[in-house]
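Peer 1: Just dropping this structure here.
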Amino acid sequence: MNVILLEHPRSISADRCNDIANAPLSACLNTGYIGGMLAANNIPITIVDAYLEHLDYPAIEAQIAAQLPTILGIHLVYHWKDNQTLYQFIEHVKQTYGIAHICVYGFYPTFAYEEILNRCPAIDSAVLGEAELTFLTLAKNYPAIPDSGMAIRSVNGIVATRGEVVIDIDALPFPLRSVGSYSFGEVNISGSRGCYGGCTFCYINPYYGDTKRKWRGRSPENIIAEIDAVLKETDIRYFYFMDPNFYGPGRAGKERVLKLARLLKERQINFGIEARANDIEDETIKALVDAGLKHILIGLESGRDEALKRLNKLTTVEDNEQALRILRKYGIEPSVGFIMFEPDSTLEDLKVNYDFLMRNNLLEKLEISVNVLYHHMIILQGSASYKALQEQGRLNISPHSTYEADTDYQNPRVAMLSGMMRDMTNHIFSYMKDTWELSFNKDPVILEKYRLVNQLLVQTFEDYLYLLMHQQLSNDQRNSFVDTFIDTVDGIMA
Ligand code: SF4
């Protein structure tokens, strides 16, 4: 028995570059955690990280040919289109190298296992939710197949049964990290799983499938033991907690953060986290900044209470503004998650959102404006909004996959502004991907160009929002406005 775990190559779709990833960051250690579990149980395991190590399919095939794995596990990530190239590769290697079992795992297979098993006959099973326990059972007992935790084919069609979740995350072996894990200047680490929130657009909790313990945290001591082990392996001193929600709930959650901050401080490292606005308060942020916190992503999502309620964010605009004030007080300028366009947005919602962003100085940098002025609500299988819109008959499932859907905006003028912003921000992104490094290094010429494009983008949003509040535009007018914007950006960036 030997196992290869594959992170397959990923492509970036030009017209989806402004859409947040369809595999949350918290999935990035899926493979490492399965690898750690198998290694701790003496099952020979090789991780082939084609994504971070930029390996192409012939290079992956060479590793498969050399190892001849009994089981090939693949962290399957959706590409905003059909994964045909990958499926053809899977068919090819299974046949050529006689791989006994191919098993996929991750967010995409958890929710779209049916179409994956139907589209790629060479895939034998899909793990549902977190994969360590199920994968270990598979590898230990193969050719017996676990009777839960997987979707498999049977004589009665595809059968899917949820498995057990890991209750004590401290009991898991640390994730195995490949060379690729150290290739981008920071180390991803997981301090917790799940979230005590329940936003309609999010499928973190349906993925983990544990309704009793929605947020499961590791102890500070266990996290620090992993950090100490990593510090012995690498010179990198920046860690990013990829937890969907760094804070646990209530007083206990706060105490845990304070204890972790005390231990982190002794390591003299820097780190980043992701958190909910309602958890941002003085004592923990002060302690975290003191311990090396440099970056934080908070999901503000909206500047209007009615919209926050629709999204079941369980926060208020006041929570959002307070979080910004506290973070800035301690010198942290946060990255923010913001859904400008949601299916039921009104033009008034957009105006209130715009005023919120302006009042809170969130439109001063192109890197932020280009995101917050456009993001629409992504509707992925597994989320509450996917289910609700389906029940209302409003869900438009993508021709590529059941995993991805959208819906028609209730308000046609909101739909028009969303489409315009999409075209305009995608054009800006096409420049930013080539100039990102210059801007990161604060090149004065590029910074000035970014400043001018930012000014143009913010003004354009405001102008067209006010125009649409007073009149409908024809498609010809809309296209001509977008073309003018694009020409002006081209002039600035030339
Ligand atoms: S706060 Fe909302 S979006 Fe963020 S992880 Fe929790 S449920 Fe998901």
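The values are calculated or read from the model by the stated rules, or taken from the named source; none is laboratory data. Everything numeric in this text was worked out from a predicted model, so none of it was measured. Cβ coordinates were reconstructed from backbone atoms using ideal geometry, including for glycine residues, and neighbour counts include every protein chain displayed.
Peer 1: Tell me the residue from Asp443, Asp463, Asp406 that is under 18 Å from Phe341 (Cα atoms) and modelled with pLDDT under 95, please.
Peer 2: Numbers: Asp443 fails: under 18 Å from Phe341 (Cα atoms); Asp463 fails: modelled with pLDDT under 95.
None of the others qualify; the one that does is Asp406.
Peer 1: Whether any residue in the stretch 288-296 is assigned by TED's automatic domain parsing to the domain that holds Pro343 and within 16 Å of the ligand (Cβ to nearest atom) is what I want to check. Don't jump to the end; show me each part of the working.
Peer 2: From the stretch 288-296, those assigned by TED's automatic domain parsing to the domain that holds Pro343 are 288-296; that's our starting set.
Filter once more, so that each one left must be within 16 Å of the ligand (Cβ to nearest atom): 296.
Checking the stretch 288-296: at least one residue is assigned by TED's automatic domain parsing to the domain that holds Pro343 and within 16 Å of the ligand (Cβ to nearest atom).
Residue-wise test of (1) away from the ligand (no atom under 16 Å from the Cβ); (2) surrounded by fewer than 20 Cβ atoms within 10 Å (Cβ to Cβ); (3) at pLDDT 95 or above; (4) not in a helix (DSSP H, G or I).
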residue	(1), (2), (3), (4)
Glu283	yes, yes, yes, no
Leu300	no, no, yes, yes
Glu321	yes, yes, yes, no
Leu357	yes, no, yes, no
Asn361	yes, yes, yes, yes
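Peer 1: Just need a number here: residues in the stretch 134-150 that are crowded, with 18+ Cβ neighbours inside 10 Å and more than 14 Å from Gly73 (Cα to Cα).
Peer 2: Selection size over the stretch 134-150: 2.
Peer 1: State whether one or more residues within the stretch 161-180 are away from the ligand (no atom under 16 Å from the Cβ) and farther than 26 Å from Ala39 by Cβ. Break it down into steps so the answer makes sense when it comes.
Peer 2: The first filter runs over the stretch 161-180 and keeps only residues away from the ligand (no atom under 16 Å from the Cβ), leaving 161-180.
Pick out the ones that are also farther than 26 Å from Ala39 by Cβ and you get 161.
Yes.
Peer 1: Name every residue in the stretch 385-417 that is touching a Phe, Trp or Tyr at 6+ places or on another chain (Cβ under 9 Å), in a helix (DSSP H, G or I) and under 21 Å from Glu115 (Cβ atoms), in order of residue number.
Peer 2: Scanning the stretch 385-417 gives Ser385, Tyr386.
Peer 1: Glu266 fails exactly one of the following numbered conditions: (1) touching a residue at least 12 places away in the same chain (Cβ under 8 Å); (2) in a helix (DSSP H, G or I). What is the number of that condition?
Peer 2: Tallying (1) touching a residue at least 12 places away in the same chain (Cβ under 8 Å); (2) in a helix (DSSP H, G or I), Glu266 fails exactly one: (1).
Peer 1: Using the structure shown, decide if Tyr247 is of a type outside the set (D, E, K, R), in contact with a Leu (Cβ under 8 Å, 6 or more places away or on another chain) and within 11 Å of the ligand (Cβ to nearest atom).
Peer 2: Working: of a type outside the set (D, E, K, R): yes; in contact with a Leu (Cβ under 8 Å, 6 or more places away or on another chain): no; within 11 Å of the ligand (Cβ to nearest atom): yes.
Answer is no for this residue.
Peer 1: Let me ask another. Restrict the check to the stretch 270-279 and report whether at least one residue is among the acidic types (Asp, Glu), outside any loop (DSSP other than H, G, I, E, B) and farther than 28 Å from Val179 by Cα. First the steps, then the outcome.
Peer 2: Filtering the stretch 270-279 for residues among the acidic types (Asp, Glu) gives 274, 279.
Next, from what is left, pick out any that are outside any loop (DSSP other than H, G, I, E, B): 274, 279.
The next check asks that each one be farther than 28 Å from Val179 by Cα; those that pass are 279.
Yes; the residues of the stretch 270-279 include at least one that is among the acidic types (Asp, Glu), outside any loop (DSSP other than H, G, I, E, B) and farther than 28 Å from Val179 by Cα.
Peer 1: Among the residues of the stretch 208-225, write down those that are at pLDDT 95 or above and surrounded by 22 or more Cβ atoms within 10 Å (Cβ to Cβ).
Peer 2: Gly217, Arg218, Ile223
Peer 1: Still on this structure, I have one more. If the Cβ limit is 8 Å and pairs must be 6+ apart or interchain, which residue in the stretch 83-96 that is under 12 Å from Ile123 (Cβ atoms) pairs with which residue that is among the hydroxyl-bearing types (Ser, Thr, Tyr) and part of a helix (DSSP H, G or I)?
Peer 2: Within 8 Å, the pairs are Phe89/Tyr57.
Peer 1: Within the group Ile428, Ile446, which residue is buried (at least 19 other Cβ atoms within 10 Å of the Cβ), without any contact (Cβ under 8 Å) to a residue 24 or more places away in the chain and assigned to a helix (DSSP H, G or I)? Don't jump to the end; show me each part of the working.
Peer 2: Details: Ile428 fails: without any contact (Cβ under 8 Å) to a residue 24 or more places away in the chain.
From the options Ile428, Ile446, the qualifying one is Ile446.
Peer 1: Out of the residues in the stretch 183-216 that are among the β-branched types (Val, Ile, Thr) and within 15 Å of Ile273 (Cβ to Cβ), which is farthest from the ligand (Cβ to nearest atom)?
Peer 2: The initial filter retains those residues of the stretch 183-216 that are among the β-branched types (Val, Ile, Thr), namely 187, 189, 200, 204, 211.
Next cut, within 15 Å of Ile273 (Cβ to Cβ) only: 187, 189.
Numbers: Val187: 21, Ile189: 17 Å.
Selected residue: Val187.
Peer 1: Output the number of residues of the stretch 217-240 satisfying the condition of being under 28 Å from Pro109 (Cβ atoms) and either within 13 Å of the ligand (Cβ to nearest atom) or in a loop (DSSP other than H, G, I, E, B) (or both).
Peer 2: 1
Peer 1: Quick check on Arg304: is it more than 16 Å from the ligand (Cβ to nearest atom) and within 23 Å of Asp406 (Cβ to Cβ)?
Peer 2: yes
Peer 1: Is there any pair with a first residue in the stretch 190-207 that is in the same structural domain as Arg177 (by TED's automatic domain parsing) and under 19 Å from Leu172 (Cα atoms) and a second that is more than 9 Å from the ligand (Cβ to nearest atom) and among the hydroxyl-bearing types (Ser, Thr, Tyr) whose Cβ atoms are under 7 Å apart and which are 6 or more apart or on different chains, and what are they?
Peer 2: Arg193/Tyr208; Gly194/Tyr208; Tyr207/Thr110
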